[in-house]
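The structure under discussion appears below in the form of structure tokens.
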Amino acid sequence: MVKSCVYLYDIKMDKLIKICCKEKDQKFSRYHISEISHFISSFFNFLVSFIFGPCNFVLDKPAEPILLINDNRRGDFFRVENNLDNNLFRSLKYYYNRHRDDVPSQYTSKKLNLADNLSDIRNNNDIDNTLLFSTKLSDGYAKIEREDEKKYSLKEIITINNNLNILYLMRKPCWDIFNNNCELDYGCTMSFDGIKKATKRAFKMKDCELTEIKAKGYKKGYLEFESKEDWMKKTNLFFSSDVNIQNFAELGISIESSQSDNFDDEIKSIYNYTEVGKVLLKFREHLEPTEEFIKDIKAAIESNDLEEYRKITEEYGQFIPTEVILGGRVYFKDVTMSSKSSATKSRQNSASVKFGPLNLKVKVNSSKLKGKSKFYNFNNMRLLGGSHPEGEKFDEKYWIDSLKDYRNWECIEFKNPVSIFQLVPDTLCKMPFKSIGKRILYTCTEDCDYYLNKFKKYRDFELKLPRNILDIIQNEEADCDIFATVVDTEDSKNIFFNCQILKPKAEKGKLVKPRIIIHGIQKKFQSRNLKLKIKIMVVGYDTDFNFILPNIEVIKKHHDSHDKRNFTSTTLSNHDLMTRNIPFFGIPILENLNNLNKSLIIGHNFRNVDNELKIDMFSYCAEKSCYVNLPNFTFCTLIIDDPISNSYGSFSFEFSMLKKKPFVDLRKKFTSHLNPKYISLCLSNDNYKPFFLKQKIEQIKIKYVDCNCGKTCFVCKNKTLRISSKDENNIECIVYNYKFTHTCK
């Protein structure tokens, strides 16, 4: 507890004597001069210091000259005065220190010289950095900026009143006061009702870069929302477009969506606002992990248990903003906004929401009303910072004046959030991410134009990934893999597509830019201008510890071209995926593209026989129209260990009435048909003729290719069975549609 104390300092005895102590916001008792007269022998023997809060110490009959450092009624100013001759003011001694709990262990006592300029006084540590010199005006006080102190002498700014020399010092806002008030070094989680601070403290702020915003801090504007994620960001006071912010917002949405049926109303709402930014605090480089936080991380590493990491994020928060703007903001509901229905159902049982790599289970308050957020539900006006008389029409001048007192400031914007795990020492940070496993680090959907004007022409499409994602791919520790799927937006007939990933080996100092090789396959060539949509997924070890995307596993199988096979099978280590109802899919990865493999199309399907899950892979040459030997490549299988329930489905094939051709109707499960989906097929026999999957807007179809070998190759001799209606129980199609996608631009 910070206390306000009154001290007498006896210079001869070199002793600080506490005569009164109070808690903040309480009143001092009144003391008569006679009660302390035995301490006072001369001005140079004593000094009284009033620290923190509004002081009300009174000497009824000050018969002796005395030095006062006295707060004014708002606590913003100190006054140093004496009633001695001006010449004696040269030997005035100034004492100031900040006290917590009890008598300070160190204090200073120094002489001030009227002829010295203010910068010299400060440089000699006579005035610390928590105070600014100021001069009294007829209508208030004017502070003297630090850069102007060398222009003034002490004598120039002293006020003489009733034979008293008075020096006014203005208390400068100090970062540690803001940190104590706003708990800036605590972790956070985005929530339906705004930022939630962690119960345990993860860091200690050792210092801070504090910048005054001044006139640029005044802003007016409208607050509108583009999506659920945008609503979550802005109502949690994040307004910049940062990938990390997007990730944490998605986590907040996944947790909080169970508490509100009203997101549509929330997103449609519009607010106008007035903002006064006062200071910007930056402190990423000055955060030091607490001993308890480090201890809990070490315990989680030793346990190798994901639940321990989940527990850490519950207690210490998901992230910590490393930049904060303090000041005030006032919101007003726009009179034109629509407010439709509100959900008022109360859930009497507690709900548990699972999301992310840690299977995050976030308890929902069982008594909480399911409906509107606090942000949505305020009446007319909502204040962040500042003060205003209740029940009166908004007075902007009154509100802005109230923000002159920094004790009325609140957090009005958070910036640059980082995972709490990112700020621990490197020796600890590198240890846990591999034990946690790989994650989906990034997803997006891109538009691709494919001008198929020559026979066998493929499309080499370079991914437009953000620089931070490219840096992660370049990081060998992240061990990234890329998955892709493609759909024709115009549902062109007599053509289907296959895509492969081209990921060159990383070279030191050179940025790797992965590409997708797309083959448009036709039985009879026809020139076309195609408009495709490509969904991309980047998976790898989460070295940034964002902890926000589904838990996954990647199994890699490398094929050596020296095997000289056009068809091969390999066993997956996870053979119970079908019984566990877990989605999985795969894609081939090439390290280079040359004349030997640029026309090759690598196909695959999964096969479950006698509880053993295998991958069947084959190679088809579009130029020769036949099966050929498989090239060097790596086949990556992605397993989604803990999928969101409505993001995937398992389908049986239906068969058309006339042609009896197999297809999957996507309309039965998914509403967003144009969004490309990841697809895998699992068979129960090993003698099916190889085929490709054609993803249409509303359907998935099976497509076969002709081989010109004259039935002499291994595939044509041994793989002859086509899928028919008799195989309804022998074939299963798994479709995965991950929702949280970024739009690549």
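The values are calculated or read from the model by the stated rules, or taken from the named source; none is laboratory data. Please read all numbers here as calculations on a predicted model, not as lab measurements. Positions of Cβ are backbone-derived with ideal geometry, glycine not excepted, and every protein chain shown enters the neighbour counts.
Gly221 - would you say it is touching a residue at least 12 places away in the same chain (Cβ under 8 Å), of a type in the set (Gly, Ala, Ser) and exposed (fewer than 13 other Cβ atoms within 10 Å of the Cβ)? Yes. The test for being surrounded by 16 or more Cβ atoms within 10 Å (Cβ to Cβ) and either at pLDDT 90 or above or touching a Leu at 6+ places or on another chain (Cβ under 6 Å) (or both) holds for Glu149.
Yes or no: Thr543 of a type in the set (Ser, Thr, Tyr), modelled with pLDDT under 85, over 25 Å from Leu452 (Cβ atoms) and touching a helix residue (DSSP H, G or I) at 6+ places or on another chain (Cβ under 8 Å)?
Considered against the rule, which asks whether it is of a type in the set (Ser, Thr, Tyr), modelled with pLDDT under 85, over 25 Å from Leu452 (Cβ atoms) and touching a helix residue (DSSP H, G or I) at 6+ places or on another chain (Cβ under 8 Å), Thr543 comes out as yes.
Scanning the stretch 203-248 for residues that are touching a Gly at 6+ places or on another chain (Cβ under 9 Å) and outside any helix (DSSP H, G or I) turns up Phe203, Ile213, Tyr218, Lys219, Asn236, Leu237. Of all residues in the stretch 157-171, at least one satisfies being at pLDDT 85 or above and either crowded, with 18+ Cβ neighbours inside 10 Å or not in a strand (DSSP E or B) (or both). Within the stretch 639-689, how many residues are at pLDDT below 85 and among the aliphatic types (A, V, I, L, M)? Selection size over the stretch 639-689: 6. Taking Lys598 as the residue in question, decide whether it is modelled with pLDDT of 80 or more and assigned to a loop (DSSP other than H, G, I, E, B). It is true that Lys598 is modelled with pLDDT of 80 or more and assigned to a loop (DSSP other than H, G, I, E, B). The condition (being without any contact (Cβ under 8 Å) to a residue 60 or more places away in the chain and of a type in the set (Val, Ile, Thr)) is satisfied by just one residue among Ile697, Ile615, Ile601, Ile640: Ile615.
The single condition among (1) of a type in the set (Asp, Glu); (2) modelled with pLDDT under 90; (3) crowded, with 18+ Cβ neighbours inside 10 Å that Glu623 does not satisfy is (3). Taken over the stretch 677-708, the residue count meeting the criterion of being farther than 18 Å from His519 by Cβ, of a type in the set (Ser, Thr, Tyr) and surrounded by fewer than 19 Cβ atoms within 10 Å (Cβ to Cβ) is 1. Scanning the stretch 194-211 for residues that are among the charged types (D, E, K, R), surrounded by 13 or more Cβ atoms within 10 Å (Cβ to Cβ) and farther than 22 Å from Thr235 by Cβ returns Lys200, Arg201, Lys204, Glu209.
Report yes if Leu154 is at pLDDT 80 or above, in contact with an Asp or Glu (Cβ under 6 Å, 6 or more places away or on another chain) and farther than 26 Å from Tyr406 by Cα, otherwise no. Answer is yes for this residue. Kindly check whether there is at least one residue in the stretch 434-452 that is at pLDDT below 85, touching an Asp or Glu at 6+ places or on another chain (Cβ under 8 Å) and over 30 Å from Phe319 (Cβ atoms). There is no residue in the stretch 434-452 that is at pLDDT below 85, touching an Asp or Glu at 6+ places or on another chain (Cβ under 8 Å) and over 30 Å from Phe319 (Cβ atoms).
Any residue that is under 30 Å from Asp296 (Cα atoms), among the aromatic types (Phe, Trp, Tyr) and at pLDDT 85 or above - is there at least one of those in the stretch 206-225? For the stretch 206-225, residues under 30 Å from Asp296 (Cα atoms), among the aromatic types (Phe, Trp, Tyr) and at pLDDT 85 or above: absent. Of the residues making up the stretch 387-401, those that are surrounded by 13 or more Cβ atoms within 10 Å (Cβ to Cβ) and at pLDDT below 90 are Ser387, His388, Phe394.
Can you name the residue in the stretch 301-317 that is outside any helix (DSSP H, G or I) and touching a residue at least 24 places away in the same chain (Cβ under 8 Å) and, of all such residues, is nearest to Thr189 (Cα to Cα)? Within the stretch 301-317, the match that is nearest to Thr189 (Cα to Cα) is Gly317.
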